[in-house]
Every structure is written in structure tokens, then in C-alpha cells.
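Here's the structure, in C-alpha cells; my notes come after.
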Amino acid sequence: YKTTSEIPTLESEVVESDLIFSGLVGMIDPERPEAAEAVRVAKEAGIRPIMITGDHQDTAEAIAKRLGIIDPNDTEDRVITGAELNELSDEEFQKVFKQYSVYARVSPEHKVRIVKAWQNEGKVVAMTGDGVNDAPSLKTADIGIGMGITGTEVSKGASDMVLADDNFATIIVAVEEGRKVFSNIQKSIQYLLSANMAEVFIIFFATLFGWDVLQPVHLLWINLVTDTLPAIALGVEPAEPGIMTHKPRGRQSNFFDGGVFGAIMYQGVFQTILVLAVYGWGLVFPEHHTQAEIHADALTMAYATLGLIQLLHAFNVKSVYQSVFKVGLFRNKTFNWAIPVAFILLMATIVVPGFNNLFHVSHLSFTQWLAVIVGSFLIVVLVEIVKAIQRALGKDKDAI
């Protein structure tokens, strides 16, 4: 400011001379408080955050260090400007692009180059943006993410999804939700295929050796009761602990990756062996004398064992590698009522008077029920042993 006794001539040479410095005002557009934590979780999940901005290089680098996008202790140059990027050919940039986590003073064509460089490495690229100049890169990326509040209509139209709150942390929440949904689909498929594979194997060996292990009505009722309610409940399982520490899925991944296919195979074999073993127990240690009664008891034991094994096996499927006692037995409310309801419907066909003739079953003795229960619970024990061995071998590190 300046002090004057008269109104000066409104000319810059007069007004802007002999000024007294009063102070300096600085403004900042700070990052959201939760952004740094979201970046940390993203890195832990195998997702690399890249900052692309039109701001000055020093500003971009300072913000990136505060957010954890680049390590403040890293002596390597992790920031590049648009002018420097112009000096690199596409071939040259493809060789060095991985070392840069921050791009400053960039233009729309630079953003497209950056996205394509990562795609050429086989990576799935998600791009965020809110302006008209972001539209080309949003369209080029595998997942274009527009801003719902500050975003232009052009950027929203070019995007595959729109953030309603313009918050980067929401993207990380969506990633976790997506991983949970994919994992739950895997669990349902693993449960259904392993259970049905056991049924196929049981019928195969029964036919091969001339055994009458199960009646058609038994298979139909088991498929109706134990294959539906638990499978639906597994589809709404909470996310497993540590799901955001797993590596990302590749472009070629499918529902059988991450150990699911192997789990289906060995768990189906275990169920087959246990059911046939209980059936054999009923024949070798009969409670009656006539052949018809012995066969009816053995058939009933096999039916009850198969049904109970599948219900108990649903607990195993809560995680491919982790112990069921670690992931939580009763965290899923839907699962908590699905298993008891399925158990009641299964047991009603055996213990409720009048159903015996309909389902061709008999009343079992205490010893026979004990054999059924022990045989059924062994599926949990055996799978827990296999999981422990797999964890000891580090197989759980390959989970997706």
C-alpha cells in the first residue's frame, strides 16, 4: 500500500510506485484427509497410483510425497514434465515410463501416451479425470472414471463409471467390493462343483461295483436343500481378512484361478471317500440281521452323511487357503440361518415319521448316527489339514 494526500493519477507508474510491503497471502487446495490412507491401501493391494497433473513440477512432487505416491527418501527422479516427455519417442518412453509416478505440466496427448504405455505392458489401467481435456485418456483407459460433481459432461460421457463424491478413496472401496464379489462367486462355484463332483463319483463307483448307495430321490433332495441355501449364502459372504493384500488378477484370470480348481478336486474326492466309508461301515457293522434292513441302514447312513458333509463343507469354502476359524464362522448372517434351515429340511426326511417310505430311509441307532456325524465332521478336519500344508508351502501367497 502507499499513503498519499491527494487522489493520484490512475497510471501504473504513479499508483505502483513507493509501495509499502504489508504481507503475503498464500492459498492451497489441500488433498482430502483420507487420500493418503487410500494410496497406502492401493499400493498394498498391488495397485500403483500415478499422478498426472497440469500443475507445476514442484507442486506435484510436494503433494505426491505427502500422499505417499512417491517416497520422500527415494533419491531417484520420479517426476517428469510434459516438456521432457516431448523429447522422448514412444519407444524410448516405453523403456523408462515405469520409473515415473508423477507427471507435471502435461497435455491431453501426454495422458493418452501414459495410459497406452502401461497397457502395452499388459496392465489394466484405470484413469480418473474431470475436464474436457481428460476425455481422450478416459476413453483410452480400460476403466475411465469421471467425476460426478466437478466433472464436465464430456468427461462423464467418455467414462465407464462416475464417482458420485469425486473421492479417490471411493475407488479403493470399490476395488475391495469388487474383489469380495469375485471371491464370493468363486466360493459358490467351488462349493457347488466340489459337492456335485462327489455325488457323481459316488454314483460312478456305486454303479461300477454294483452298490446301491443312494436313491434318485436322495440326490434330488440334497441338491434342492444343501446345494441352494448354502450356495446363496456364500454369495453374500463378508470380505476375507487381508483381501486387499492379495495381488491383482490378470487379464486372463478366471473363476478357477487362485487354487479354486485344485480345491474343487481334492475336496470332491474327500467327500466321496467319506460317504463311501460310512456306507461301508453300515454294511460291515450292521445293527440288524436281515439283509434288507442292513442295506436300508447303510443307504440311510450314506444319505445322511452326504447331506451333512455338504453342509459342513460350506464352512470350508469360506476361504481357499485360510482356516475357517480365522475367517470367522458366524460373520455372515445369511449363512447363519441358511445352514440350520437346510439341516432341518435334511433331517426331517429321516427322523420325522411318515417320511421314511417316501425317501426310502430307516431309523438309525445311536452308533450309526455317531458314525454319520464323525464321518461328516472329518471333511472339516481333512480340509483344515490340507490348508495348513498349503500355507506352510506358501500357496496362499498366490491367492488372488
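FYI, it's all coordinate maths here, none of it is from the lab. Computed from a predicted model, the values in this text were never measured in an experiment. Don't worry about glycine lacking a Cβ; one is built from the backbone with ideal geometry, like all the others, and counts go over all protein chains shown.
Couple of notes before you dig in:
- The longest stretch of the chain left intact once loop-based GluC sites (Glu not before Pro) with at most 12 other Cβ atoms within 10 Å are removed from consideration, loops following DSSP, is 122-400.
- Violating pairs (Cα-Cα greater than 30 angstrom) within the set Lys247/Lys318; Lys139/Lys395; Lys123/Lys156; Lys139/Lys187; Lys43/Lys387; Lys123/Lys333: Lys139/Lys395; Lys139/Lys187; Lys123/Lys333
- Using distinct alpha-carbon pairs, which all enter the 1/r mean, Kirkwood radius of the range 220-299 in Å: 16.7 Å
- Kirkwood estimate for the range 277-348, i.e. one over the average of 1/r between Cα atoms, Å: 14.2 Å
- Relative packing of 367-377, 134-144, which averages over residues the other C-beta atoms within 10 Å, highest first: 134-144, 367-377
- Look at the dipole of the chain built from charges on Cβ: of Asn316, Gln291, Pro216, the Cα furthest out on the positive end belongs to Gln291.
- Cα-based Rg and Dmax for the range 35-171, where Dmax is the largest Cα-Cα distance (Å): 14.3, 41
- For Lys95, the aspartates and glutamates whose Cα falls under 12 Å of its own Cα, not counting residues fewer than eight places away in the same chain, are Glu121.
- Derived scalar couplings ³J(HN,Hα) [the range 263-278; Karplus, 6.51 cos²θ - 1.76 cosθ + 1.60; whole Hz; x for Gly, Pro]: 5, 4, 5, 6, 6, x, 5, 4, 4, 4, 4, 5, 5, 5, 5, 5
- Positive-pole candidate from Leu19, Thr207, Val106, dipole of the chain, charges at beta carbon: Thr207
- Each semi-axis of the equivalent ellipsoid for the chain is √(5λ) with λ an eigenvalue of the Cα gyration tensor; in descending order they amount to 67, 21, 17 Å.
- Lys/Arg +1, Asp/Glu -1 at C-beta; the chain dipole; positive extreme among Gly268, Ala117, Leu138: Gly268
- In a reduced charge model with +1 at each Lys and Arg Cβ and -1 at each Asp and Glu Cβ, the chain shows a dipole moment near 1780 debye about its Cα centre.
- Per-peptide packing, taken as the mean over residues of other Cβ atoms within 10 Å, places 389-395, 323-329 in the sequence 323-329, 389-395 from highest down.
- Over all directions, the projected convex hull of the C-alpha atoms in the range 3-115 averages 12.0 nm² in area.
- Gaussian network model of the chain, Cα within-10 Å springs - most flexible of Ser89, Ser12, Ser188: Ser12
- Sites matching trypsin sites (Lys or Arg not before Pro) across the range 1-55 that sit in DSSP coil, with at most 16 neighbouring C-beta atoms within 10 Å: Lys2
- Whole-percent P(r), the range 244-366, all Cα pairs, 10 Å bins from 0: 11, 30, 30, 18, 8, 3, 0.
- Shown in residue order for the range 87-101 are the 3J(HN,Hα) couplings computed by the Karplus curve 6.51 cos²θ - 1.76 cosθ + 1.60 at θ = phi - 60°: 7, 9, 6, 4, 5, 5, 5, 4, 7, 10, 5, 5, 7, 9, 10 Hz (x for Gly and Pro).
- Fewest-first ranking of Met244, Met301, using other Cβ atoms within 10 Å as the exposure measure: Met244, Met301
- Ordered by the count of other Cβ atoms within 10 Å of each Cβ, fewest first, Phe335, Phe366 give Phe366, Phe335.
- The radius of gyration of the Cα set in the range 179-398, together with its Dmax, comes out at 18.1, 62 angstrom.
- Here the range 69-127 is assigned +1 on the Cβ of each Lys and Arg and -1 on the Cβ of each Asp and Glu. Its dipole about the Cα centre then comes out at about 300 debye.
- Against the rule of thumb 2.2 N^0.38 Å, how large the Cα Rg of the range 142-243 comes out: 1.77
- With θ taken as phi - 60° and the Karplus curve 6.51 cos²θ - 1.76 cosθ + 1.60 applied, the whole-hertz 3J(HN,Hα) list for the range 148-162 is x, 9, 8, x, 7, 5, 5, 5, 5, x, 7, 8, 8, 8, 10 Hz, x standing for glycine and proline.
- Of the residues Ala292, Ala302, Ala314, the one that moves most in a GNM of the chain with alpha-carbon contacts below 10 Å is Ala292.
- With Cα atoms as the point set, the range 99-141 shows a radius of gyration and Dmax of 10.0, 28 Å.
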